[in-house]
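For reference, the structure discussed in these notes is given below.
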Amino acid sequence: DAELLLRMSKDMKGDAYSPMATTRSFLRTGQRNVRYNFYWYPSKAMIIGLANFGAETEGFPRRVHNGCTTTIAEVAMQGCASRATDSIFSTCTSLTSNYRKFIPLGTTVVVEAQCMDIDGGRAQVSCRFKDAQTEVVYWEGSGSFVGLREKVTAPTKKAEAGGYRAQGKWWWPF
C-alpha cells in the first residue's frame, strides 16, 4: 500500500498534497472494517487514496456490501468538495452510484474523487474505485455538494420558537 501511494505521488508530477484526516467519519476503522487514507491534490482539485474492505463489510458472500462502497465514495467526494470550495464542511444533496463489479472482501482499491465543476459554494464531484493492480473499475459515481463557508451554530430552541422561520432566516446553507 505504501509503495502504491509513493508511485501515485510521483505520477502527480510532484504536486503538493496533504493527507486527509479520517477521524470525522462515523465509520469504525480497523482490520475487520474499512481502512482508508486519502490525499488532496490541490492543483487538480482531486483526492486520491486507498481503501481496504475487511470481513465486517460483507454483503453478498465474500463480497463488499454496496452500501459500504457508496459510503466510502461519499466520504471521499465530500472531502473533495469541502477542499475545492474552501468550506469547513460540505453536505451531499444528490448522489449517483454505478456498480460495475462486486468488490471481493480484502481487496485494496484506489479511490479517485475529482471536482468537475464549482458554482459558488456548490460542487459537482465524480468518483471511481479501481483495483490497485489490474485497473478494473468496481464503482463509478458522481454527486452534488453544498459547502458551508462560515462557522454557524444551530439555532437554540428559543430562537426557533422566536421565529427564525418567520424572519426567513435559515442556518443551513440551502
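Here are the numbers for the structure shown:
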| read-out | value |
| --- | --- |
| Residue in region 23-34 that is modelled with pLDDT of 80 or more and outside any helix (DSSP H, G or I) present | yes |
| Of all residues in region 71-84 being modelled with pLDDT of 90 or more and open to solvent by 20 Å² or more (accessible area, probe 1.4 Å), the one that is farthest from GLY120 (Cα to Cα) | THR71 |
| Filter result (under 13 Å from ILE118 (Cβ atoms) and open to solvent by 30 Å² or more (accessible area, probe 1.4 Å)) within region 85-98 | ASP86 |
| Residue match in region 61-73 (condition: in contact (Cβ under 8 Å) with a residue 24 or more places away in the chain and farther than 21 Å from PHE38 by Cα) | yes |
| Residues that are within 17 Å of ALA51 (Cβ to Cβ) and surrounded by 17 or more Cβ atoms within 10 Å (Cβ to Cβ), drawn from region 114-131 | GLN114, VAL125, SER126, CYS127, ARG128, PHE129, LYS130 |
| Flag if VAL111 is of a type outside the set (Asp, Glu), open to solvent by less than 80 Å² (accessible area, probe 1.4 Å), within 26 Å of ASN33 (Cβ to Cβ) and under 19 Å from the mean Cα position of the chain (by Cα) | yes |
| Complete set of residues in region 35-74 that are farther than 15 Å from CYS115 by Cβ and in a helix (DSSP H, G or I) | ALA55, GLU56, THR57, ASN66, GLY67, CYS68, THR69, THR70, THR71, ILE72 |
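The values are calculated or read from the model by the stated rules, or taken from the named source; none is laboratory data. Model, not experiment: these values are computed from the prediction. Here Cβ is always computed from backbone atoms with ideal geometry, including for glycine, and neighbour counts include all displayed protein chains. Only protein heavy atoms, including side chains, enter the accessible area calculation; ligands, DNA and RNA are left aside. Shrake-Rupley method; radii C 1.70, N 1.55, O 1.52, S 1.80 Å.
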